[in-house]
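**Student:** Shown below is the structure under consideration.
The values are calculated or read from the model by the stated rules, or taken from the named source; none is laboratory data. On a predicted model such as this, the values are computed, not experimentally measured, just so you know. So basically every Cβ, Gly included, is an ideal-geometry build from the backbone, and we count neighbours across all protein chains shown. Keep in mind that these areas ignore ligands, DNA and RNA; they rest on the heavy atoms of the full protein, side chains included. Shrake-Rupley method; radii C 1.70, N 1.55, O 1.52, S 1.80 Å.
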Amino acid sequence: MVWNDVEAYPREKIQALQLSRLQETLRRVYELVPFYRAKFDEIGITPDSIQTLQDISRLPFTKKQDLRNNYPFGLFSVSMDEVVRIHSSSGTTGKPTVVGYTKHDMEVWGEVMARTFTLAGVTAKDVVHNAYGYGLFTGGLGFHDGAQRVGATIIPASGGFTNRQIMLLRDFKATALTCTPSFAMHLAEVAKSEGFDPRKDFHLKAGIFGAEPSSEGLQRAVADTWGIAYHEIYGLSELIGPGVSCSCEQRNGLHLNEDHFYPEIIDPKNGEVLPYGELGELVLTSITKQALPIIRYRTGDLTRLRIEPCRCGRTLVRMESITGRADDMLIVNGVNIFPSQVEHVIAQAEGLTLNYQIIADKKGYLDRLEIHIEVDENIMTDSVGEMERLKRQLEKELLNHLYINADVKLVEPRSIERSMGKAVRVVDKRKI
Ligand SMILES: [Zn+2]
């Protein structure tokens, strides 16, 4: 079942819609946002220069720094009278990025989130336990509005208070869970420590997880631990928040709502547009946003796009799970690695949990990599020899698969700090 017919439009119809919406957006930003007008003028382009979808490659990119430089409302294309909502991302350094929504933008957001819930099989009959943080972060309220649109009962649990969340999950008989994958694992751990079986003592059937990159191994672990269908969601506040794309029951990529967000894949080094199927950086243009239209936004996320129709009936382009962020990539003695690749290797080994931390440091001139992994409760009682064997085996796997020499340290259960929101998988001491 699709929420909106547009999700199953033939390609030509989608593309015609994209082009007219893109042209309208370009006219809007050229007229109303001095930042874009100056950038377009600088390279001698007007909205009329863009006559086909391919012409979009002639337009300049927008980067996160551009939003910061225009803090707080410099890129808005409407007066504040028309803005009905502000969200903002926490900046670890400097100014946060601020985004705004008109009534129309809130409609669009509710629409794409309603599609997301429908993809996950959530209807008015369901109870949604929403453990994304409520507040300036787009997660909590984005999911909230979408669940309301499909008529589900929403429990605005927000983050934290894990023990209370376990109680509410059980007592209110939630059928769908929405949170980060690492928080879903944390919830399961706490539920087990309270003597519950996540598969039997709850009523969950599906979950929509995102806001952090997750390996296939972590996704499978969440699905198996809870005994639920795993749906991966992708989004970013600069474009709208959650709701840019989500995976269907076929689990072969995330359907991207390309009637609202026009996607491209580029080579992150030179900015060239790459064909469908190639790995590169995702670039998105909002083609229906009013308050804050964004042209060719460099997401920093690495993925591929696939155009073949999906067995679920949707024709919207699919993006692969995010392999990593262009800026999350670690270069260790010249070898590129992503935390998700390390996670994938850990997930194959027995007796280990997916609670890990990668620590990069220097020893003399060389990079040194340490990987701390919590072992499973049951294996702790086993012999020292067994632990040593497991450590060696993992180091060998990492060398074979990722070409890295890492010092694996198996640590006690619960000794790595737990995340309530986004997991800190990498500590790079070389930058300090
Ligand atoms: Zn599908």
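**Student:** Can you give me the angle between helix 339-348 and the longest principal axis of the chain, using Cα atoms only, in degrees from 0 to 90, rounded to the nearest 10?
**Tutor:** 40
**Student:** Still on this structure: Given the options VAL384, VAL33, VAL408, state which has the largest fluctuation in a GNM of the chain using a 10 Å cut-off (strictly under) for Cα springs.
**Tutor:** Checking each option, the largest mean-square fluctuation is seen for VAL384.
**Student:** Name the long-range amide H neighbours of GLY135: under 5 Å, sequence gap of 5 or more, or other chain; modelled H, no Pro or chain starts.
**Tutor:** Sorted by chain and number, the residues that satisfy this are GLY140, LEU141.
**Student:** I've got another one for you. Using alpha carbons only, how many angstrom separate the centre of the range 43-119 from the centre of the range 326-362?
**Tutor:** Between the Cα centres of the range 43-119 and the range 326-362 lies a distance of 33 Å.
**Student:** Report, for the chain, the % of DSSP beta bridges that are antiparallel, rounded to 5. Please report the intermediate quantities before stating the final value.
**Tutor:** Details: 42 of 66 bridges.
Of those bridges, close to 65 percent are antiparallel.
**Student:** Quick one: which residues, 5+ away or cross-chain, put their amide H under 5 Å from the amide H of GLY241? H built at 1.01 Å from N.
**Tutor:** LEU236
**Student:** What 222 nm value per residue comes from the helices of the chain, counting each DSSP H run with n ≥ 4 as -39,500 (n - 2.57) and dividing by all residues, nearest 500 deg cm²/dmol?
**Tutor:** After summing the helix terms and dividing by residue count, I get -9500 deg cm²/dmol.
**Student:** At 7 Å along the Cα-to-beta-carbon direction for both GLN23 and ASN4, put a label point, then send me their distance in nm to one decimal.
**Tutor:** Label-label distance for GLN23 and ASN4, simple model: 2.1 nm.
**Student:** To continue, here is another question. On C-alpha positions alone, give me the angle between the axis of helix 384-402 and the longest principal axis of the chain, in degrees, nearest 10.
**Tutor:** Roughly 30 degrees, rounded to the nearest 10.
**Student:** Oh, and also: So for the chain, Kirkwood radius off the Cα pairs, Stokes-Einstein at 20 °C and 1.002 mPa s: how many µm² s⁻¹? Let's see the in-between values first.
**Tutor:** On the way: Rh = 22.9 Å.
The diffusion coefficient I find is 94 µm²/s.
**Student:** Is there a pair in LYS39/LYS63; LYS103/LYS289; LYS269/LYS429; LYS362/LYS409; LYS173/LYS205 whose C-alpha atoms are over 19 Å apart, and which pairs would that be?
**Tutor:** Values: LYS39/LYS63 13 Å; LYS103/LYS289 10 Å; LYS269/LYS429 25 Å; LYS362/LYS409 17 Å; LYS173/LYS205 11 Å.
Correct reply: LYS269/LYS429.
**Student:** Put +1 on the Cβ of every Lys and Arg and -1 on every Asp and Glu Cβ in the chain; which of ILE265, THR62, MET329 then has its Cα farthest towards the positive end of the dipole?
**Tutor:** Ranked along the dipole, the leading option is THR62.
**Student:** Please give me the summed charge of the neighbours of GLY253: other residues whose Cβ is under 11 Å from its Cβ, Lys and Arg +1, Asp and Glu -1. Walk me through the numbers on the way to the answer.
**Tutor:** On the way: positive: ARG251, ARG304, ARG306, ARG314, ARG318; negative: GLU232, GLU308, GLU320.
Computed value for this residue: +2.
**Student:** Can you run the Rg to Rh ratio on the range 322-420? Use alpha carbon positions and the Kirkwood inverse-distance Rh.
**Tutor:** Details: Rg = 13.7 Å, Rh = 14.2 Å.
My calculation puts Rg/Rh at 0.96.
**Student:** In degrees from 0 to 90, rounded to the nearest 10, what is the angle of the helix 181-193 Cα long axis to the longest principal axis of the chain?
**Tutor:** For helix 181-193, the angle is close to 30 degrees.
**Student:** Using a 1.4 angstrom probe on the protein heavy atoms only, could you order MET113, MET1, MET329 from most to least accessible area? Don't skip to the end; give the middle numbers.
**Tutor:** Numbers: MET113 0, MET1 165, MET329 65 Å².
Sorted descending by solvent-accessible area, the residues read MET1, MET329, MET113.
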